[in-house]
Amino acid sequence: GDPLSSERPSLFLCSFAYLTIRDRLPTILTKVIDTIHRNKSKFFEEHGEEGINAEKQAIALLSKLRNELLTDKPVIELTDGLEDADSWNEYLQRQQRLQGDQEPVSWFTSPWLYVECYMYRRIQEAVSLNPPISNFDVFNEGKTQSFYESQKAVMTLCTFLEDIQKNAEKLSPDRLSEDFNKLLQISLWGNKCDLSISAGQDNSQKISPIDALASLQPFILVNDSGMVWSSLMSSQRAGESVDRVDIVLDNAGFELVTDLVLADFLVSSGLVRKIYFHGKSFPWFVSDVTANDFHWTVRQTMAANHKWMSKRGFQWQNYLKVGAWSYHDHPFWTQPHEFCDMAADAPDLYSRLQQADLVLFKGDLNYRKLTGDRAWDHTVEFSTALQGFQPAPLCSLRTLKANVQVGLQPGRGEKLTSRDPTWMTNGKYAVIQFYSPKPV
Ligand code: F6P
Ligand code: MG
């Protein structure tokens with residue numbers, strides 16, 4: 001993207017970005033270290049001496065990382081030789097060139113988006129440099145716990161879908177679009193449940209996700225759901241189903257269930273033929289979905305002691321078996337690149353998205369990457385902030401947790417700031433923001 005089009009937020013003292021790096025990230029690292037230590041006997045000792053050393057080594061690397069962060073040391077190259085290491089190191093050199101060669105790129109002098117992503121990649125390095133534990137997911141406990149704590153809400157949601165399906169024959173097009181809207185909003189608010197914002201404290205859904213919708217409506221600052229629906233309708237070829245919808249997933253736990261239920265509705269109602277899910281190839285931003293989380297969630301849903309919940313689980317397993325659903329990951333999703341760089345940096349992924357009729361981007365981090373995490377004026381059009389990223393009609397479903405928001409009516413941002421100064425970061429507000437490269 002054009003670095004001059006808008007400034008990247010700087011890490012001025014007390015900004016949300018600054019506090020993330022100063023407080024939230026070290027807290028997350030401390031928890032990771034504690035998790036590895038606590039799991040010593042459970043996971044590592046079974047590998048004998050090698051496992052015990054791996055635990056010590058990983059903890060030493062993570063403590064060093066924490067210290068580098070806290071004392072604003074230079075950001076250093078990756079040494080694990082994994083598939084994506086070269087591209088991370090090239091990115092670091094690029095940052096260094098942008099910043100000028102006098103000062104090294106360091107934690108507090110770099111763009112927030114970059115160092116935050118980099119921390120998760122360094123955690124991965126610490127684990128992957130110790131082969132007996134290289135598959136250990138340091139965030140697994142939190143993700144599974146949040147799934148279990150949301151059980152009641154999951155059951156309510158599965159029962160809701162069951163009711164929709166029972167009446168499927170008599171569904172009028174209006175009713176279908178109404179149900180779609182509801183499930184889209186449930187998936188939107190599911191994004192409230194992420195663990196990185198609370199540094200891993202709480203991310204479960206305790207109240208009924210359906211009853212909550214009406215009272216949450218006023219907090220949706222941009223609601224393009226009508227356009228999303230029209231776009232889907234216009235992609236139907238001669239009365240047939242829409243070929244493919246892609247969902248770029250965000251968090252595991254309750255949010256993932258809301259995405260699966262939305263995807264289930266799209267397929268079971270005959271609206272869409274195929275769903276591609278995109279997840280992360282290693283543990284990321286505490287609660288993001290990996291392949292393991294995805295399949296674990298489907299299995300847990302199947303095994304549930306609740307009729308409609310386990311029915312959904314079996315249905316999901318079957319969608320995966322027959323190819324109506326598929327899970328994909330790509331190294332690009334765990335890099336710090338803004339999405340306007342995707343066509344150049346990950347052309348294979350870009351052309352895969354081009355084949356979709358609609359791409360849903362879940363969550364806050366995806367929104368930051370869609371908009372390049374710049375300090376855009378709030379009235380700038382979403383299409384401008386995308387800076388040429390337009391693989392297919394796309395929609396961001398995001399609750400606001402970072403200092404960027406575009407596409408608002410003039411004066412709206414100022415009004416929000418005067419009423420609720422932390423509106424951009426407190427997770428209370430949300431957007432359903434759509435863009436299509438072709439007229440809808
Ligand atoms: O610091 C808060 C934060 O980590 C943001 O950097 C990030 O955008 C967000 O939380 C993660 O939220 P989400 O899971 O919605 O992407
Ligand atoms: Mg996330």
Q | Loop-resident sites, region 27-117, for GluC sites (Glu not before Pro), counting at most 12 other Cβ within 10 Å (DSSP) | A | Glu77, Glu83
Q.
Tell me whether the chain comes out rounded, prolate or oblate; compute the Cα gyration tensor, take square roots of the eigenvalues as a ≥ b ≥ c, and use a/c under 1.5 as the rounded threshold.
A. oblate
Q. His278's amide H: which non-local residues (gap 5+, or another chain) put their own amide H closer than 5 Å, with H modeled 1.01 Å from N in plane and none for Pro or chain starts?
A. Ile247, Val248, Leu249, His328
Q | Per-residue ³J(HN,Hα) for region 213-221, Karplus 6.51 cos²θ - 1.76 cosθ + 1.60, θ = phi - 60°, Hz, x for Gly and Pro | A | 4, 4, 6, 8, 3, x, 8, 8, 6
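Taking the Cβ-Cβ separation of Glu50 and Gln355 as r and a Förster radius of 35 Å, what is the calculated FRET efficiency to the nearest 0.05?
Details: r = 44 Å, r/R0 = 1.27.
E(calc), rounded to 0.05, equals 0.20.
Would you mind getting the Kirkwood hydrodynamic radius of region 52-117 from its Cα pairs, rounded to one decimal in Å?
On the way: mean 1/r = 0.0765 Å⁻¹.
Over region 52-117, the inverse of the mean reciprocal pair distance is 13.1 Å.
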Q: Pick out, from Ile123, Pro209, Ser234, the residue whose Cα sits farthest towards the positive end of the charge dipole of the chain, with +1 on the Cβ of Lys and Arg and -1 on the Cβ of Asp and Glu.
A: Pro209
Q: Please compute P(r) over all alpha-carbon pairs of region 293-365, binned at 10 Å starting from zero, and give each bin as a whole-number percent.
A: 16, 36, 29, 17, 3
Q) Quick one: if you stick a label point 7 Å off each Cα along the C-beta vector at Phe314 and Gln96, how many nm between them? A) 5.8 nm
**Q.** Label-point gap, in nm, between Arg412 and Met233 - each point 7 angstrom along Cα→Cβ
**A.** 2.3 nm
Q: For Lys42 and Leu70, compute 0.36 nm times the residue count separating them, minus their Cα-Cα distance, and round to one decimal in nm.
A: 7.0 nm
Q | For region 321-411: span of alpha carbons on each principal axis (Å, largest first) | A | 50, 26, 21
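Which value in deg cm²/dmol, rounded to the nearest 500, describes the helix-derived mean residue ellipticity at 222 nm for the chain, given -39,500 (n - 2.57) per DSSP H run of n ≥ 4 and division by the residue count?
Values: 18 runs with 206 residues, N = 440.
Calculated mean residue ellipticity at 222 nm is -14500 deg cm²/dmol.
Tell me, what is a quarter of the convex hull surface for the C-alpha atoms of region 222-323, in nm² with one decimal? Please report the intermediate quantities before stating the final value.
Values: hull surface 30.6 nm².
Convex hull of Cα atoms, orientation-averaged projection: 7.6 nm².
Each reported figure results from applying straightforward, stated rules to the coordinates on display, with no laboratory input. Keep in mind it's a predicted model, so treat the numbers as computed, not measured. Here the Cβ is made from the backbone with ideal geometry for all residues, glycine too, and neighbour counts use every protein chain on show.
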